[in-house]
């Protein structure tokens, strides 16, 4: 009797050991999703996509895996594939339909910082804004930050983003920092910069950025070969703001 008991006990222990060995491997398959989120945040989209497709093959009804795969496709800029995946999610979970626009918004905020994909990012954000209506105004502050960040990489795209920001929140027109970026620093053509500078000086005649605007206008006139106007702005800068960084730079530029 004791022998049978010991034998059954050993079999039971062996069974537990086998199950314990199998469960972690299985848990790794369905538990990889947190790792996938980490891969997405790090921009390792190919690795994330591979893991997600394996997860979907193993568990075709895993809504979260489909959702994350759609997110990966959006961040890659592939709206067609993302839309197809999101349709699959909605077919499984109707409640996800209201969350799709937020996926576009999240991906848009990532892509808009990439000079090569910023136009796609803006398209995604505009899609979100159209679907959310007035609630889309919450995107204005994020667009403002993205537009300023884009100034050094792509001034044209920066201006497009800032222009969209102003449409969403017209009150930014009264923000001196915003208007400096919008009307002057994001302008590509010298002639347009001159007009933007005049507009800025009209709106903020006593603003703290006036010295910088005067200097940039002087530079723009110089590039237009209108040396007399360039000299006028540099001289004004030296006279009114001699101790500023821009006033000191104007002294050097006035020697052209």
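What follows draws every value from the coordinates through simple rules; no lab data is involved. The structure displayed is predicted, hence computed values, not measured ones. With ideal geometry, Cβ positions are generated from the backbone for all residues, glycine too; neighbour counts draw on all protein chains shown.
Using Cβ contacts closer than 10 Å as the measure, can you line up 156, 178 from fewest to most? Show your work: numbers first, answer last.
On the way: 156 12, 178 19.
The order, fewest Cβ neighbours first, is 156, 178.
Given Cα pairs under 8 Å that are at least 6 residues apart, what percent is the relative contact order of the chain?
Numbers: 267 pairs, mean separation 19.8, N = 256.
That works out to 8 percent.
Pick from 220, 158, 146 the residue whose mean-square fluctuation is largest in a GNM of the chain, springs joining Cα atoms under 10 Å.
220
Which distance in Å, rounded to a whole number, links the C-alpha centroids of segment 189-217 and segment 157-178?
If we compute the Cα centre of each part, the gap is 16 Å.
Radius of gyration and Dmax for segment 188-256's Cα atoms, expressed in Å?
11.0, 30
Angle check, please: helix 227-240 long axis (alpha carbons) against the longest principal axis of the chain (alpha carbons), in degrees 0 to 90, nearest 10.
Between the helix axis and the principal axis of the chain, the angle is about 80 degrees.
Where does helix 100-111 land angle-wise versus the long Cα axis of the chain, in degrees 0 to 90, nearest 10?
Relative to the chain, helix 100-111 is tipped by roughly 60 degrees.
Answer rounded, prolate or oblate for the chain, using the Cα gyration tensor with square roots of eigenvalues a ≥ b ≥ c: rounded when a/c is under 1.5, else prolate when a/b is larger than b/c, else oblate. Walk me through the numbers before you get to the answer.
Values: a/c = 4.18, a/b = 2.94, b/c = 1.42.
Prolate, because a/c is 1.5 or more and a/b exceeds b/c.
Which value at 222 nm does the chain reach when only helices count, each DSSP H run of 4 or more adding -39,500 (n - 2.57), with the total divided by all residues and rounded to the nearest 500 deg cm²/dmol? Don't skip to the answer; put the middle values down first.
On the way: 14 runs with 187 residues, N = 256.
One gets -23500 deg cm²/dmol as the mean residue ellipticity at 222 nm.
Tell me, 224, 122 in order of fewest to most beta-carbon neighbours within 10 Å? Could the numbers behind the result be given before it?
On the way: 224 15, 122 20.
Ascending Cβ contact count within 10 Å gives the list 224, 122.
What is the Cα radius of gyration of segment 41-109 over 2.2 N^0.38 Å, N being its residue count?
On the way: Rg = 11.2 Å, N = 69, 2.2 N^0.38 = 11.0 Å.
Here the Cα radius of gyration is 1.02 times the empirical estimate.
Relative contact order for segment 118-242: what is it in percent, counting Cα pairs under 8 Å that are at least 6 residues apart? List each step's numbers first, then the result.
On the way: 126 pairs, mean separation 19.6, N = 125.
Normalised by residue count, the contact order of segment 118-242 is 16 percent.
So what's the angle, to the nearest 10 degrees on a 0 to 90 scale, between helix 118-132 and the longest Cα principal axis of the chain?
80
Starting with the fewest neighbours, write out 231, 208, 71, 225 ranked by other beta-carbon atoms found within 10 Å of each beta-carbon.
Listed from fewest to most nearby Cβ atoms, that is 225, 208, 231, 71.
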